[in-house]
1. If I take R0 = 30 Å and measure r between the Cβ atoms of B:Thr397 and B:Tyr31 in this structure, what FRET efficiency does the formula 1/(1 + (r/R0)^6) give, to the nearest 0.05?
2. Placing +1 on the Cβ of each Lys and Arg and -1 on the Cβ of each Asp and Glu in region A:218-336, which of A:Gln291, A:Asn228, A:His277 has its Cα farthest towards the positive end of the resulting dipole?
3. Counting only C-alpha contacts under 8 Å and six or more residues apart, can you give the relative contact order of region B:218-336 as a whole percent?
4. Given labels modelled 7 Å from the Cα in the Cβ direction, how far is it in nm from A:Lys365 to B:Arg96?
5. Once the dipole of region B:1-134 is set up with Lys and Arg at +1 and Asp and Glu at -1 on Cβ about the Cα centre, which of B:Gly46, B:Val34, B:Leu115 lies farthest towards its positive end?
6. Taking the Cα centroid of region B:163-201 and of region B:259-291, what is the distance between the two, rounded to the nearest whole Å?
7. Counting Lys and Arg as +1 and Asp and Glu as -1, each charge on the Cβ, what is the dipole of region A:97-215 about the Cα centre in debye, to the nearest 20?
8. Can you sort A:Phe196, A:Phe401 so the residue with the fewest Cβ neighbours within 10 Å comes first?
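What follows is calculated from the coordinates using simple rules that are stated; it is not laboratory data. Small disclaimer: the values here were computed from a predicted structure and weren't measured. Reconstructed Cβ throughout: ideal geometry from the backbone, glycine too, with neighbour counts over all protein chains shown.
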2 protein chains.
Amino acid sequence: MAEQHIDNLRTIVGDGNVLLGPEAATFESDYRRVFHGKSLAVVRPGNTEEVSAVMRYCYVNGISVVPQGGNTSLLGASVPDATGTSIIVSLARLNRIRAIDAMNATMTVGAGVTLSQARSAAEGVGALFPLRIGSEGSCQIGGNLSTNAGGTAVLRYGNMRDLVLGLEVVLPDGRIWNGLRGLRKDNAGYDLKHLFIGAEGTLGIITAAVLKLFPMPRTVSTAFLGTNSPEDALAIFKLMRERLGTDVTAFELISSDAMTLVLSHLNDRPSPLETPHPWYVLVETSSNADQEAAESQLVGVLSDALSAGYATDAVVAANARQAADFWLIREEISDAQTQTRGSVRCDISVPLSCIPAFVRDTTAKVLAIEPATRMIVYGHVGDGNVHFNPIRPADVTAEVFVRTHGAAMAQLIDNAASELNGSISAEHGVGIAKRDELLSVRSREELDMAWAIKRALDPRNLLNPGKVLPALPE
Amino acid sequence: MAEQHIDNLRTIVGDGNVLLGPEAATFESDYRRVFHGKSLAVVRPGNTEEVSAVMRYCYVNGISVVPQGGNTSLLGASVPDATGTSIIVSLARLNRIRAIDAMNATMTVGAGVTLSQARSAAEGVGALFPLRIGSEGSCQIGGNLSTNAGGTAVLRYGNMRDLVLGLEVVLPDGRIWNGLRGLRKDNAGYDLKHLFIGAEGTLGIITAAVLKLFPMPRTVSTAFLGTNSPEDALAIFKLMRERLGTDVTAFELISSDAMTLVLSHLNDRPSPLETPHPWYVLVETSSNADQEAAESQLVGVLSDALSAGYATDAVVAANARQAADFWLIREEISDAQTQTRGSVRCDISVPLSCIPAFVRDTTAKVLAIEPATRMIVYGHVGDGNVHFNPIRPADVTAEVFVRTHGAAMAQLIDNAASELNGSISAEHGVGIAKRDELLSVRSREELDMAWAIKRALDPRNLLNPGKVLPALPE
């Protein structure tokens with residue numbers, strides 16, 4: 001039976017685009033090798049019609065489907081279960097920029113276009129596609145949409161959800177919904193695209209999207225600051241927003257433990273600041289003013305932040321290379337942790353006003369469990385999103401630390417966020433890892449509605465089954 | 001039976017909050033008196049729990065419900081049908097600002113808070129709630145959400161959908177979904193709020209919302225321009241976006257016939273420009289620069305637009321009063337039409353790049369039907385939204401013009417927009433008036449999905465039945 005399915009799928013997409021065994025293996029684990037599964041086959045359709053034909057075949061034959069983009073998700077959404085009964089549908093070959101309309105400031109792209117490819121195409125017409133996440137070289141637009149990717153420019157430009165105007169989606173029965181509209185205003189009926197954005201492939205397979213482009217800012221300025229506490233960091237943020245408004249594009253907090261870890265990971269690179277500080281802030285502004293005017297405005301605000309005692313040191317990047325160096329520090333924290341191993345990764349958000357209390361109280365609770373824990377705390381504080389990742393003391397192995405403390409620390413961090421009306425998953429989604437935790441943080445009304453939508457659109461439960469939606473108690 | 005329902009509803013909301021007969025009449029027609037219906041009663045709950053109890057009562061008893069905010073919608077969504085079997089649930093008493101969190105830049109408001117009340121509350125903490133539409137004194141936040149209101153600041157700040165972080169909704173069975181989260185990043189499951197935004201009350205009753213606040217811009221500059229054509233207007237827009245980026249907050253096009261009509265309506269007010277022009281543009285920028293710097297930047301771009309011949313004249317408002325005068329011209333066009341009577345009102349959007357062709361070709365088609373038609377064309381061209389409203393020649397009565405040409409002109413305008421991948425309803429929604437037209441502009445896949453959602457969330461079809469969703473042919 002499996003053999004026959006594989007033959008039939010080969011007929012649809014061509015022999016070379018059905019992968020089995022060792023060729024399929026890299027698709028069956030996530031890139032961090034945390035989640036592992038087994039597929040019936042990896043199918044690589046070359047266009048929307050082939051996705052449709054594959055999906056129709058699976059619908060008729062009751063085969064479940066795991067859609068996969070760049071496979072860079074963090075919570076297991078892109079990996080099949082262990083039964084070997086699902087196929088993985090890789091969208092990587094849908095990698096064509098279909099159209100760019102510079103006047104309309106839109107770009108129509110296939111789901112398999114990588115984020116960096118999309119950014120480059122926008123730059124090619126002098127425009128900005130503003131999504132910015134660490135995996136931009138390998139993550140794909142379809143995956144960015146399916147997880148509603150966030151990243152470091154959300155403060156100014158919004159999440160992926162805010163950066164899309166239209167979608168093309170293959171529905172569970174194989175029908176194609178053409179919602180590729182490039183309109184900034186369209187109230188002719190329900191806005192269905194939002195169902196598929198952030199649904200992690202459980203409701204349909206996104207095959208193409210119309211993305212919004214933005215004017216390229218004339219000037220980008222970057223600064224690295226020292227500060228004493230998250231309270232003071234927030235005071236700096238408030239000052240900057242008041243004075244520079246939406247020009248504040250990124251506002252990233254970094255704990256001293258995170259700084260120490262990442263500088264060591266970067267071959268003992270020196271800090272941008274001369275002395276150590278309890279906390280650091282990386283800030284970026286974008287402006288239509290010229291370089292001199294924009295920088296003088298930024299320097300003015302930073303001076304006031306220093307005078308007020310909110311900041312304890314500050315340096316503005318002298319050029320693009322230095323700005324890139326500042327960003328490298330921020331961006332390499334994640335890899336520094338992966339390499340060190342033994343971290344408890346949490347991706348919470350809380351209302352901005354609650355960040356200081358969250359960091360203070362949750363740090364105390366973690367240290368009460370294991371006082372030598374290093375607090376790798378960083379994130380997009382300007383939008384309330386904190387990556388709060390306790391990591392093993394230098395003299396404790398990853399295995400021992402995670403086995404002994406992992407579950408308890410993760411739970412207390414998520415609980416602390418929930419108690420402050422926060423989210424247990426700010427930008428990483430749900431996948432399989434956070435699925436059952438939704439039972440305790442989402443109301444029955446909300447879970448019932450989610451299931452009602454799932455049943456309405458995917459009545460045979462073929463699309464990425466077992467992901468996102470927890471089984472409900474009777 | 002009806003008497004008993006009324007008595008039971010009185011028990012829930014209090015005698016004074018169930019209106020019948022003449023007291024109910026103003027709720028049974030829209031404010032323009034275009035749509036008329038009959039209700040069993042108008043029920044005015046005082047809080048979310050009362051909305052829930054009313055809805056539960058209606059669910060058990062199979063009574064349909066028309067939710068109503070400020071009753072300023074244009075296509076009949078807020079008006080019941082003629083049977084007198086539905087109740088109108090007015091949300092007007094849910095008019096409390098529940099909370100403002102200035103640091104988090106959010107505000108939690110009841111559905112019955114008016115837009116101007118919300119804007120004032122934001123200003124009270126030095127922040128901006130940016131939605132700006134003509135009816136702000138009477139329209140309510142719940143209605144703004146249910147129709148995904150647009151208006152004149154969408155270019156910079158987005159539609160109502162983009163201005164909300166969380167919702168509280170009473171579901172068709174009376175259960176309350178508390179989704180009042182004030183988070184800019186939250187990927188813990190499906191984002192259900194988008195289902196209710198723009199659904200015109202067909203899926204649930206929005207009772208409260210967490211709105212986003214924005215930094216108040218330091219400087220607002222306003223200019224009035226003359227130009228020869230929509231092509232030239234777009235060239236000005238492109239120049240401004242390249243030079244001023246997202247500072248361009250509003251970019252409104254006005255036809256010469258619209259200008260003539262509105263100036264006459266405003267007691268023969270003089271034009272801001274010395275000579276007549278074929279087209280006019282009203283532009284607003286917001287900036288963090290000081291007044292002098294911002295204006296000098298604006299004047300620089302306008303000079304270049306004049307030198308390039310894109311603009312034929314331009315005047316920058318000298319002060320806030322003059323800016324308000326410019327805006328009054330734009331805002332009174334709608335009332336000028338209402339008073340003149342005999343206009344065919346269309347609210348289309350097309351990709352920006354298609355605006356010149358749309359205006360040129362569609363004007364020619366309208367004038368081919370009746371050469372003396374006055375072309376009241378205006379709108380938010382910066383986001384592709386054109387109000388394209390042919391109005392009767394001065395010597396033809398409204399009745400004759402609308403009877404003779406109304407349907408044909410409306411149809412050709414909507415067709416022209418559809419052919420350019422545009423929308424037949426950019427910001428006014430669907431209601432009852434545009435419902436059946438969806439059959440020709442939306443695919444079967446899309447309409448099937450919309451109905452699947454409707455059946456999943458409102459299986460007894462009690463919420464605003466007959467609105468938005470057209471009956472599908474077998």
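1. 0.80
2. A:Gln291
3. 46 percent
4. 3.0 nm
5. Highest projection toward the positive end goes to B:Leu115.
6. Centre-to-centre (Cα) distance: 40 Å.
7. Using only the charged Cβ atoms, the result is roughly 220 debye.
8. Listing A:Phe196, A:Phe401 from fewest to most nearby Cβ atoms yields A:Phe401, A:Phe196.
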